[in-house]
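Below is one structure, written out as structure tokens; the observations come after it.
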Amino acid sequence: MRNVWIICRKELRSYFVSPIAYILLAMFAIVFGFFFWNVVGYFVYMGIEGQMRGEMFPLNVNEQVIRPLVSNVSVIGLFLIPIITMRLFAEEKRTGTIELLVTSPVRDAEVILGKWLAALLLYAGMLVLTAFNFIWLFKYGNPDWKPLAVAYLGLLLQAGMLLAIGTFISTLTRNQIIAGALTFGVCLLLWVLEWVSGYETATWARVLAYLSVLTHFESFGKGLLTVKDAVFYVSAIFFGLFLTARSLESLRWRS
Amino acid sequence: MIAVQELTKRYARNTAVDHISFAVQRGQIVGFLGPNGAGKTTTMRMLTCFLPPTSGTATVAGFDVLEHPLEVKRRIGYLPETPPLYLEMRATEYLTFVGSLKGLRGAELSNRVNFVLDRCAISDVKEKVLGKLSKGYRQRVGLAQAIIHNPDVLILDEPTAGLDPKQINETRDLIKSLAGDHTIILSTHILPEVEQTCEQVIIINKGKLVATDSVHNLQDRARGAGSVLIEVAARTGPLDLAVAKSRLEQVSGVTRVLARESRENLGVFEVEAHNDRAIRGDLARAIVQAGWDLNEMRTAAVSLEEVFLQLTGAEHQPAAADETGLPAHAPAATEAQEPAS
């Protein structure tokens, strides 16, 4: 466990020594800020509109502000996750430092876990940034914090899964661009697989829809903590990290 | 300290290492010698648990590389061909990271970091970003990284490759000074390096073990009988090589005389004898009595390079040696070797 933390700290440090972390955080903050401004603006507009027409329009901050914002966060994540994971192993393979890691008295699992954890912490750092926006909602509105917490847990789990897949893909190549592009493609596919359920109900369509990250986010987004969706994400994380371990091992047989 | 038995690494199309066996005693400096592509790096990677062997066994300090990789890794310091540096890190930061990865903690960790900074003479760059260091410094940081946990065994893959002559000397001296505390295996394709740094030498070629012996023994083995180089000059007019040669052959104890070089009034001969020390006086007397001058007489030094060429069965190139009467220096020879490998 100690080794996991050593690796994780080193990864976090290299995110923050290079401009990567700052660029990601800044990009995320700007894009999320825009979404926030947009959604809140629309909400306020609807409120005023309703009052002027004299309609009792049911307004709910959780449903009409937080929920769309949370799904926006998961969309932004789709773009940023490949950038977070692409360097994890590809860079070590290109510079040869992988030889240091693999010949040090640490287990492969510890290396993989440390790197994945660092990626997840960087992603969590982005989520923390959204607090600066949400603070205002709590100051001027009265939203329920529990659905928000559940939705954030869902975001973390979802990102954990995609980050694990990205970590795996990063072991396949020594080229970061290839790793990033592949990860983006796979994440996007896992995202849109859900669409088949719109017109098809056959078993294959249900399997595809089940594999989609979107399917399992639905209830999290509503603020409902469902065990089966959490189990899906957690097992997907394990599967991704397991593939990473296999791939890292096979490096030695192939190289 | 290291025992290798019938170690083999096969890939889909070729066999990189083919049934190699050798043993290294504690405290020894062993040179792992062979042309590029001979299987040096592959063998080292198997010893460091980076690659699993296809068959055969290797043990380091009594631990098998396949069965107890963590124990082996704890006892090995490894410097790959390109030092495994995180170029965005500072030297101290990097060494601290590697040290903690190798299991050092707290005060011991910072003590060791300071120790290796000092030992490898990199204290002056300890706060510099590794990416900005020169090649020589990077190599030394690489060495510092390898010795940080004070391992029993050091495995260095071409530690002087790509350095300039001054850096090469510094690195060699550093490695030699480390010999007392660690058992060292270093690979190289440069022969003088082995002659200068190592006690034992393991020669491999095309994945096969060619020879393993002490540097002295290998030199002796190649030399066979001792030989003397002499330069003879005629006092007046040109020197008749044939006459001079037959005169030298008459000296008792001489087994063979080779005319190595001739210029107008002087000739260089290589004289072989069972005991070259004993015949020197007779040779000198014979030359002087024949009315010639004896300009020079010295032992014909045999370099490891010749041994190497003999052992690996590569074509001997006497032309290079004849030019100067000296053995050709290594770089030329290694270049000649490369296409063959």
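Readers should treat all values here as calculations from the given coordinates under stated rules, not as data from a laboratory. Remember, it's a predicted structure, so these values are computed and weren't measured experimentally. Reconstructed Cβ throughout: ideal geometry from the backbone, glycine too, with neighbour counts over all protein chains shown.
With R₀ fixed at 56 Å, the C-beta to C-beta distance from B:Glu108 to A:Leu188 puts the FRET efficiency at about 0.70.
Taking label points 7 Å from Cα along the Cα-to-Cβ direction, B:Val288 and A:Lys146 give a separation of 11.4 nm. If you take the alpha carbon atoms of the stretch A:46-106 and fit the smallest convex hull around them, that volume is 99 Å³ per residue. Note on chain B: GNM, Cα springs under 10 Å; of B:Val288, B:Val141, B:Val17, the largest mean-square fluctuation is that of B:Val288. Every pair of different Cα atoms in chain B enters the Kirkwood calculation, which places the hydrodynamic radius at 22.6 Å.
Ranking A:Ile20, A:Phe36, A:Gly221 by how far each Cα lies toward the positive end of the dipole of the stretch A:2-254 (charges on Cβ) leaves A:Ile20 at the top.
As an equivalent ellipsoid, the stretch B:134-193 spans semi-axes of 18, 13, 10 angstrom, where each value is the square root of five times an eigenvalue of the C-alpha gyration tensor, largest first. Taking A:Ile169, A:Ile76, A:Ile112 as the candidate residues, the one with maximal mean-square fluctuation in a Gaussian network model of chain A, Cα springs under 10 Å, is A:Ile76. Computed about the Cα centre, the dipole magnitude for the stretch B:224-299 is approximately 120 debye when only Lys and Arg (+1) and Asp and Glu (-1) carry charge, each at its Cβ.
When you restrict to C-alpha pairs under 8 Å that are six or more residues apart and normalise by the size of chain A, the relative contact order lands at 26 percent. When the stretch B:2-221 is described by a simple charge dipole with +1 on each Lys and Arg Cβ and -1 on each Asp and Glu Cβ, the residue from B:Val141, B:Ile20, B:Ile155 located farthest towards its positive end is B:Val141.
Projected onto their three principal axes, the Cα atoms of the stretch B:93-155 cover extents of 28, 24, 18 Å, largest first.
By the rule of a C-alpha distance below 15 Å, with chain neighbours fewer than 8 residues away ignored, the aspartates and glutamates paired with A:Lys115 are A:Glu11, A:Glu91, A:Glu92. Using the Cβ of A:Asn62 as centre and a radius below 14 Å, the other residues enclosed give a net charge of +1, where K and R count +1 and D and E count -1.
Which residues' amide hydrogens lie under 5 Å from the amide hydrogen of B:Arg260, considering only partners 5 or more residues apart or on another chain, with H built in the peptide plane? Long-range HN contacts for B:Arg260: B:Val268, B:Phe269, B:Glu270. Count the net charge of all other residues whose Cβ sits under 10 Å from the Cβ of B:Ile202, scoring Lys and Arg as +1 and Asp and Glu as -1. With Lys, Arg at +1 and Asp, Glu at -1, the net is 0. Annotation for the stretch A:176-223 versus the stretch A:39-89: alpha-carbon center distance of 21 Å. For the stretch A:1-134, the relative contact order works out to 53 percent when only alpha carbon pairs closer than 8 Å and six or more residues apart are counted.
With the Cα gyration tensor of the stretch A:2-254 in hand, give its eigenvalues times 5 under a square root as the equivalent ellipsoid semi-axes, listed largest first in whole angstrom.
They are 37, 21, 15 Å, listed from largest to smallest.
Counted without the sites themselves, the longest stretch of chain B free of GluC sites (Glu not before Pro) in a DSSP loop having at most 11 other beta carbon atoms within 10 Å is B:128-263.
Within the stretch A:56-111, the trypsin sites (Lys or Arg not before Pro) that combine a DSSP coil assignment with at most 14 other C-beta atoms in a 10 angstrom radius are A:Arg107. Spatial offset of the stretch B:112-140 relative to the stretch A:239-253 amounts to 33 Å, using the alpha carbon center of each. Quick check for you: which residues of the stretch A:224-255 have the amide N under 11 Å from the point 7 Å beyond the Cα of A:Glu200 toward its beta carbon? Flagged as within label range: none. Projected onto their three principal axes, the Cα atoms of the protein assembly as shown cover extents of 135, 52, 44 Å, largest first. The mean count of C-beta atoms from other chains within 10 Å of the C-beta of residues in A:102-111, rounded to a whole number, is 6.
Working from Cα pairs under 8 Å separated by at least six residues, relative contact order for chain B is 18 percent.
Given the pairs A:Lys10/B:Lys126; B:Lys176/B:Lys206; A:Lys10/A:Lys146; B:Lys9/B:Lys135; A:Lys146/A:Lys228; A:Lys10/A:Lys228, which are separated by over 25 angstrom at their Cα positions? As for pairs spanning more than 25 Å Cα to Cα, those are B:Lys176/B:Lys206; A:Lys10/A:Lys146; B:Lys9/B:Lys135; A:Lys10/A:Lys228. When 1/r is averaged over all different Cα pairs and the result inverted, which Kirkwood radius in Å belongs to the stretch A:146-255? It works out to 15.0 Å.
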